[in-house]
There are 2 protein chains.
Amino acid sequence: MKKFINHIDDILVESLSGFSTAHADLVSLHLDPAYIVRKNKAANKVVIISGGGSGHEPLHAGYIGYGMLDAACPGHVFTSPTPDQMLAAAEAAHANQGVLFIVKNYAGDVMNFEMAAEMLAFENATVYTSDDCAVVNSTYTTGRRGVAGTVIVEKCVGSLAETGANLNACKALGDKVNQRISSIGVALTSCTVPAASRPTFDISDTEIEMGVGIHGEPGRRREVMREADAIITDCVDAILADFKVKNLTLGENNEALLLINGFGATPLMELYLIYNVAAKLFKQHGINIARSLVGNYTTALDMAGASVTLCLLDDEIKQHWDSPVHTAALRWGC
Amino acid sequence: MKKFINHIDDILVESLSGFSTAHADLVSLHLDPAYIVRKNKAANKVVIISGGGSGHEPLHAGYIGYGMLDAACPGHVFTSPTPDQMLAAAEAAHANQGVLFIVKNYAGDVMNFEMAAEMLAFENATVYTSDDCAVVNSTYTTGRRGVAGTVIVEKCVGSLAETGANLNACKALGDKVNQRISSIGVALTSCTVPAASRPTFDISDTEIEMGVGIHGEPGRRREVMREADAIITDCVDAILADFKVKNLTLGENNEALLLINGFGATPLMELYLIYNVAAKLFKQHGINIARSLVGNYTTALDMAGASVTLCLLDDEIKQHWDSPVHTAALRWGC
């Protein structure tokens, strides 16, 4: 294992320190318990707090700032944060209108955020993201996994919260956006968790893992490596089938947001090639790709691979996606 | 070799098509000859055109837009674009005030951009970037290589051009910024050029290539893998020694911009850890890190590795770095 690290026990704190120093205009880092909070504390709004295991950067700390998150609680690599982190983050960020937690659906995260929610003195609610259509139940999950679509949920809910909307409205929008998203990922290689110091799973030079999770969890099946057209066709078909099962239909203008997400070690050149394939296929199915995002937004350490996410837009979601955002990893309009 | 591609001959066009579709609000793609041009053609300004081999994405097309480049000419992977591309791009972008080419110092790029400059009917000048302090002369280079610092040159010159400055002023700022930048990179793994379908160089699990080029060219030496503190100390020392040789001194406030650039397969978590080490070391040398950029900005396909770039700021450079920019890969202020 070759990684830019010092001691394995210090990776998280050193990386968070670098992040908060590089983005000192946007965030402050607190340790023991660890959380990162927006520098300019919001006044009188629902605060949006997310968190989860580290190794998915820029998720979640990269999305702290105006128009998105108020705080994030990073666990160790691929390990849930603990309730004291959520409680301390909520105390620091709270702005008199309650707290909305956005939590990817993994057993450890769900349990610890639930515990924090019960202990929290402020009004609170939780949105669970579950956009991964690859599998139901998995290594760390009961139900569907929350993956790259979480970024879209965080962006839209963060936008609504800035308008002064109340906790119920923020929770309702988060649940709605999550329902309208479907994602599926493909791994070409495993990731390597630093503390394990060897790849999470074995995969040969001629295989891919279709439907892989963002921790390297098994997907739908091990397949033979093929050209991008064939792999991405299967991803697009899986997403379309999921929308059919969910009984979700396109809006008036058939508009959708297409996110091609890299898992950490896939060159941008390939991600844009995937986008090219996926956008054409969705268009053939009558979908109008009205918004696009291509890059490393929800990673799995050093995994080579990518995921395809489609979010069915309506006027409300489009408005909140387009609104100004100023974070380390997403920024527009300001 | 596992990559998200179809046929090797189609990689470039399919990736460029994806890029230009995903960013259709910013750019237009033209083929035969291939160039990408800003969607809203600038009026009455010096146009800034860059280009080079593909595989370094988001460099250069990702920097087309307001406040940065007007056009980019992508060659095949790690291969110079040809003069007909530069001529066609200049014809399409020209806005009555001449053309400034920004060219990374590699023999093929220099030759082809020089040829285009001679053939071009418009007034033109060229800034050659040569920020890599690792080696003088290299596999593809006479003199120093242009690497990640090129992004800073493109940002500053692009900003000045928007103010209506003339060709000489743009060329002078580009040369000045290039002089005030020093970079050095480290590879943990090789990259794999699709057409070669095997790694460019062999490197064992216990080795790193100190001073590697962005095409996998040899650096200063093969070293034993060590902890991040030790590796980054050597990078920082190399940069400081280079500034000493250049006889460049810090400005009044000792301010600098620190860019930690990923080569394509290095997780953001590690890049921020590198930032943490480098920022502390530069501070110990009296340098005030006033601006920061961390991420994949000048890549080497799927290479695991990173580079450290320091740019000595002055008021002029700081102003042009901070000014609004709206491109696919860098965006702020608008």
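The values are calculated or read from the model by the stated rules, or taken from the named source; none is laboratory data. Keep in mind it's a predicted model, so treat the numbers as computed, not measured. Every residue, glycine as well, gets a Cβ built from its backbone with ideal geometry; the counts of neighbours run over all protein chains shown. Just so you know, the surface numbers come from the protein's heavy atoms only, side chains and all, with ligands and any DNA or RNA stripped out. Shrake-Rupley method; radii C 1.70, N 1.55, O 1.52, S 1.80 Å.
Quick notes
- Strands (runs of 3 or more DSSP E) completely within the range A:109-225 that count 1 or more residues being within 18 Å of A:Gly67 (Cα to Cα): A:124-129
- Considering A:Ala121, A:Ala107, A:Ala89, A:Ala117, the condition of being surrounded by fewer than 16 Cβ atoms within 10 Å (Cβ to Cβ), in contact with a Phe, Trp or Tyr (Cβ under 7 Å, 6 or more places away or on another chain) and either at pLDDT 95 or above or more than 29 Å from A:Leu257 (Cβ to Cβ) (or both) is satisfied by A:Ala107 alone.
- Extreme residue, nearest to A:Ala328 (Cα to Cα), among residues of the range A:270-298 that are open to solvent by less than 10 Å² (accessible area, probe 1.4 Å) and facing chain B (nearest Cβ under 7 Å): A:Tyr275
- Residues that are closer than 24 Å to A:Glu114 by Cα and within 13 Å of another protein chain (Cβ to nearest Cβ) within the range A:13-32 comprise just one, A:Leu29.
- Hits in the range A:222-234 - residues which are touching a strand residue (DSSP E or B) at 6+ places or on another chain (Cβ under 8 Å) and either open to solvent by less than 10 Å² (accessible area, probe 1.4 Å) or on the phi > 0 side of the Ramachandran plot (or both): A:Ile231, A:Ile232
- Taking (1) touching a residue at least 24 places away in the same chain (Cβ under 8 Å); (2) of a type outside the set (S, T, N, Q); (3) under 18 Å from A:Trp321 (Cβ atoms) in turn, A:Ala169 satisfies each apart from (1).
- Filter result for B:Lys318 (more than 8 Å from every other protein chain (Cβ to nearest Cβ), out of contact with any Pro (no Cβ under 6 Å at 6 or more places or on another chain), in contact (Cβ under 8 Å) with a residue 12 or more places away in the chain and part of a helix (DSSP H, G or I)): yes
- Annotation note: Cβ proximity below 8 Å between a residue of the range A:147-159 that is farther than 23 Å from A:Val136 by Cα and assigned by TED's automatic domain parsing to the domain that holds A:Gly53 and a residue that is small (Gly, Ala, Ser) and in a helix (DSSP H, G or I) (sequence gap 6+ or interchain) occurs for A:Cys156/A:Gly174; A:Val157/A:Gly174.
Table: residues versus (1) of a type in the set (Ser, Thr, Tyr); (2) closer than 23 Å to A:Ala279 by Cα; (3) within 14 Å of another protein chain (Cβ to nearest Cβ).
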{"position": "A:Gly158", "(1), (2), (3)": "no, no, no"}
{"position": "A:Ala165", "(1), (2), (3)": "no, no, no"}
{"position": "A:Gly174", "(1), (2), (3)": "no, no, no"}
{"position": "A:Ala187", "(1), (2), (3)": "no, yes, yes"}
{"position": "A:Ser190", "(1), (2), (3)": "yes, no, yes"}
{"position": "A:Ala196", "(1), (2), (3)": "no, no, no"}
{"position": "A:Asp205", "(1), (2), (3)": "no, no, yes"}
{"position": "A:Asp229", "(1), (2), (3)": "no, yes, yes"}
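- Of the set (1) open to solvent by 30 Å² or more (accessible area, probe 1.4 Å); (2) touching a residue at least 40 places away in the same chain (Cβ under 8 Å), all apply to A:Lys2 but (2).
- Test for B:Arg331: is it open to solvent by 10 Å² or more (accessible area, probe 1.4 Å) and not assigned by TED's automatic domain parsing to the domain that holds B:Thr200: yes
- Residues that are modelled with pLDDT of 95 or more, in contact with an Asp or Glu (Cβ under 9 Å, 6 or more places away or on another chain) and closer than 27 Å to B:Lys283 by Cα do occur in the range A:13-27.
- The number of residues in the range A:39-76 that are closer than 12 Å to A:Leu330 by Cα, of a type in the set (Gly, Ala, Ser) and within 13 Å of another protein chain (Cβ to nearest Cβ) comes to 3.
- In the range B:235-266, the qualifying residues are those that are under 22 Å from the mean Cα position of the chain (by Cα) and among the acidic types (Asp, Glu), and the one that is surrounded by the fewest Cβ atoms within 10 Å (Cβ to Cβ) is B:Asp237.
- Given (1) in a loop (DSSP other than H, G, I, E, B); (2) of a type in the set (Val, Ile, Thr); (3) within 13 Å of chain B (Cβ to nearest Cβ); (4) within 24 Å of A:Ala107 (Cα to Cα), index of the condition A:Thr79 fails: (3)
- Filter result for B:Tyr35 (away from chain A (no Cβ under 11 Å), touching a Ser or Thr at 6+ places or on another chain (Cβ under 9 Å) and crowded, with 22+ Cβ neighbours inside 10 Å): no
- Residue list for the range A:124-133, filter: among the aliphatic types (A, V, I, L, M) and either under 9 Å from the mean Cα position of the chain (by Cα) or open to solvent by less than 10 Å² (accessible area, probe 1.4 Å) (or both): A:Val127
Yes/no per residue for (1) within 19 Å of the chain's Cα centre (by Cα); (2) open to solvent by 50 Å² or more (accessible area, probe 1.4 Å); (3) within 26 Å of B:Asp32 (Cβ to Cβ); (4) of a type outside the set (Lys, Arg):
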site: B:Gly75; (1), (2), (3), (4): yes, no, yes, yes
site: B:His94; (1), (2), (3), (4): no, no, yes, yes
site: B:Gly146; (1), (2), (3), (4): yes, no, no, yes
site: B:Val153; (1), (2), (3), (4): yes, no, no, yes
site: B:Leu160; (1), (2), (3), (4): yes, no, no, yes
site: B:Cys170; (1), (2), (3), (4): yes, no, no, yes
site: B:Ala187; (1), (2), (3), (4): yes, no, no, yes
site: B:Thr192; (1), (2), (3), (4): no, no, no, yes
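- Qualifying residue in the range B:236-255 (condition: at the interface with another protein chain (Cβ under 9 Å from one of its Cβ atoms) and outside any strand (DSSP E or B)): no
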